[in-house]
Amino acid sequence: MKPVRPPETPLNMPEQALSWSGKVGVSGARSNFWRKFVIVGAGLLMTAYLGWLMFDVLRVSGLTHLEWALLVVFIVNIGWIGFAFASAVAGFLVSLFTPVSRPSGSAAPLNSKTVILFPVYNESVRDVFATVEATATALAAAAPGKFECFILSDSVSPDVALQEEAGYQRLSLMVTEDCPVYYRRRTINLARKAGNIHDFVARWGGRYDHMLIFDADSYMEADTLVELARRMEAQPEVGLIQTIPKLIGGKSLFARAQQFAGSVYGPVLGRGISFWSQNEGNYWGHNAIIRTKAFADAAGLPVMPGRAPFGGHILSHDFVEAALLRRAGWKVRIAPDLGGSFEEGPQTLIDLSIRDRRWCQGNLQHTAVLARARGISFTNRLHFTIGIMSYLASPLWLVLILVGMALSLQNRFLRPEYFSDDPSLTPSWPVIDPALALNVFFATMAILLLPKVFGAIVTMVKGLRGGKSWLIVPGALVETLISALVAPILMAAQTSSVFTILTGQDSGWAPQQRGSDGYRFKDVARRHAMTTLMGIVLTFAALIISPIFAAWLLPASLGMIFAIPLSYWSGKSLKEDGWLANVLATREDITPPASFTDALAVRHRYGKLASLSAERVLSEPDMAALHTRMVDTVWPLDANEVHVPLAIAEAKIARAETLDGYLLALSAKERMALLNSPNTMGRVSQRFCAPASQTVH
């Protein structure tokens, strides 16, 4: 019988103090400073130019307090956009003059051992285990004996845990020793996903040279996985290589639009980030290969002081781990030239908002990391700032709208102040220059939309879509329209997230909903009711001020007003032969990658697993033996510490009369603790399932 887990080969992974500051441990890892200087400088010049234009717009008769406020908020917003635009220009130029790369396909044998990690948390057993099987089968053929797969479960649902065990029993029959698959479910979920990986490294990390992290919805081509291992072997100073995953498997209009954007614009943006970050790249938590020993030595995460959402365990661990690796001198690279990396995206706007809430908290928590961290490179601090601003930008844009509305209200309804403190005979009117204002508007729209144009040009010139390249143009127009309508809804959702986080509300830890066909209309209406109300109020107020102001506000207010129908209908599956599906089709829709199609082809094996239940595991010796073999008996408790759910589950044994009554008396946490403790399960079986002659009273 195949082992469920390999022998433990511990690797010490100490906690790293953010206040640490010392010399780097790896030589030859410097980057070209001029690239960062050019991108940051270009962003600052663009910000200064547009800021001066806006100043010209507002200073016609002197700036009022509200106009100064408008100018400051505009400059902050435009600074963020200007830097992103400069990065996109760099990505565009690099993409045009760099040939499309493919995995080398070298026949030279690999000398290292790499593990593919699948951290899961109450995920679909059918989907994840099918992906594991397809990945292991492909790697067994591509590089036999050089890869292993390890499912790292943090599932806390008893039903899902038992499904995983049944799935693993099936999976172990489908894979070979050329790429074995192992399974471990933690008894206590300390520090979420980061803690899950830490537990693996501390117990089995010494077995592997590299580890490659998958998400529950990740897919990667075998050639890409092998190429990543080759690059790590060839560059011993590299600690991490991050691929740029494309979205795949979208069914709804919303998902297909996101997928189109990621496929057409994503590679250009990725090349831009790679151009200026160089050896100080970032890590996005999945579809990346990591040097295991470097990660253990340098990337053990500290616990932030205080309570969530800013204190406690670091939620968005990936950015911090990349920064800690770089601080220790390891190169962290982004590989935009390497394809074959994919992930599924949210199918609905609501699913994206739910995921975004957790990401928002993680990114805002990075403000505390930045305040405490020492020895972190400028580039890594820039990555943190980009992540933080990606969420703060939404409330800042809303503030910009509200300040603009206040200015218009002041101009429309309030009397001028004739007797101000200034020695002037003229009133102080808030006046703007309309011609210059139009110039600022067009310039802002240009830097927002040109990156989309860059992506479309590169895709057509390089033939990256496959099939009819000219369909990129209508596809880009449709995607731009959808994103323009959705952007105000996301702005409202992200503003709400920022507000709740700043008021101390924790997002918790919930699995992402994947593959849904939308929500019921009443659920969508309940979710977006406040956004719709906000859009109506803003539009009504703008109409009172002036029809011109209402027209100016329309791009933002229209999406809010129609948030409910937009969210509902965009979450429905498209007809595969419909015109929308055709114009939004990506290369991966036309020619799906093998990693994706192979996983879909074997999902049926895990769709109808043998029905397992706690009752069967406790009452049937064969089921109990199989389950006990799967259980990881490590409980990370101090000598005098008690796991409360397990203690309660044990205390309830004597009070119940029957097995059914006992299980009904347990909460989900207590039942999960019971399944994780073979000793307690043995006492339960002895109490309720042993023959009468063996029962002790």
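Just so you know, all these numbers are worked out from the coordinates, no wet-lab data involved. Just so it is clear, the structure is predicted and the values come from calculations on it, not from any experiment. FYI the Cβ positions are ideal-geometry reconstructions off the backbone, even for glycines, and counts take in every protein chain you see.
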| Rounded to whole Hz, the Karplus (6.51, -1.76, 1.60) HN-Hα couplings of region 263-273, x for glycine and proline | 6, 8, 8, x, x, 5, 5, x, 5, x, 4
| query | Roughly how many debye, to the nearest 20, is the charge dipole of region 633-694 about its Cα centre, given +1 on each Lys and Arg Cβ, -1 on each Asp and Glu Cβ, and no other charges? | reply | 140 debye
| Under the Karplus curve 6.51 cos²θ - 1.76 cosθ + 1.60, θ = phi - 60°, whole-Hz ³J(HN,Hα) for region 275-281, x wherever Gly or Pro sits | 4, 8, 7, 6, 7, 10, x
| When the dipole is taken about the Cα centre of the chain, and only Lys, Arg (+1) and Asp, Glu (-1) are charged at their Cβ, what size is it in debye, to the nearest 20? | 440 debye
| Fraction of antiparallel bridges per DSSP, the chain only, in percent to nearest 5 | 35 percent
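Which order results if 1, 491, 389, 405 are arranged by neighbouring Cβ count within 10 Å, fewest first?
Numbers: 1 5, 491 22, 389 19, 405 16.
So the residues, fewest neighbours to most, are 1, 405, 389, 491.
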| Which angle between 0 and 90 degrees, to the nearest 10, do you get for helix 521-545 versus the longest principal axis of the chain when only C-alpha atoms count? | 10 degrees
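By counting other Cβ atoms within 10 Å of each Cβ, how are 179, 360 ranked from fewest to most? If you can, show how the numbers build up before the last one.
On the way: 179 23, 360 28.
Result, fewest neighbours first: 179, 360.
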| What angle do you read, to the nearest 10 degrees and between 0 and 90, between the alpha-carbon axis of helix 125-142 and the longest principal axis of the chain? | 80 degrees
| query | Within region 277-292, what residues put their amide N at less than 16 Å from the label point 7 Å along the Cα-to-Cβ vector of residue 32? | reply | 277-281
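Report the gain in length on full extension from residue 93 to residue 616: 0.36 nm times residue separation, minus Cα-Cα distance, nm rounded to one decimal. Don't skip to the end; give the middle numbers.
Details: separation 523, 0.36 × 523 = 188.28 nm, distance 6.23 nm.
Length gained between residue 93 and residue 616: 182.1 nm.
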| List the aspartates and glutamates whose alpha-carbon lies under 18 Å from that of residue 452, not counting same-chain residues fewer than 8 positions away? | 479
| field | Spin-label model distance (nm) - residue 443 vs residue 462, 7 Å beyond Cα toward Cβ | value | 3.1 nm
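In what sequence do 129, 521 fall when counting other Cβ within 10 Å, fewest first?
Details: 129 30, 521 13.
Result, fewest neighbours first: 521, 129.
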| message | To make sure I understand the rule: partners must be aspartates and glutamates, Cα under 12 Å from the Cα of residue 193, and not fewer than 8 residues away in the same chain. Which ones qualify? | response | 154, 215, 318
| query | Once the Cα atoms of helix 472-502 and of the chain are each reduced to a long axis, what angle between those two axes, in degrees from 0 to 90 to the nearest 10, is obtained? | reply | 80 degrees
| note | Charge dipole of the chain built from unit charges on the beta carbon (Lys, Arg +1; Asp, Glu -1), centred at mean Cα; most positive-end Cα among 173, 88, 398 is 88
| Which parts of region 611-634 would a label at residue 157 reach, counting a residue when its backbone N lies under 16 Å from a point 7 Å out along Cα-to-Cβ? | 611-614
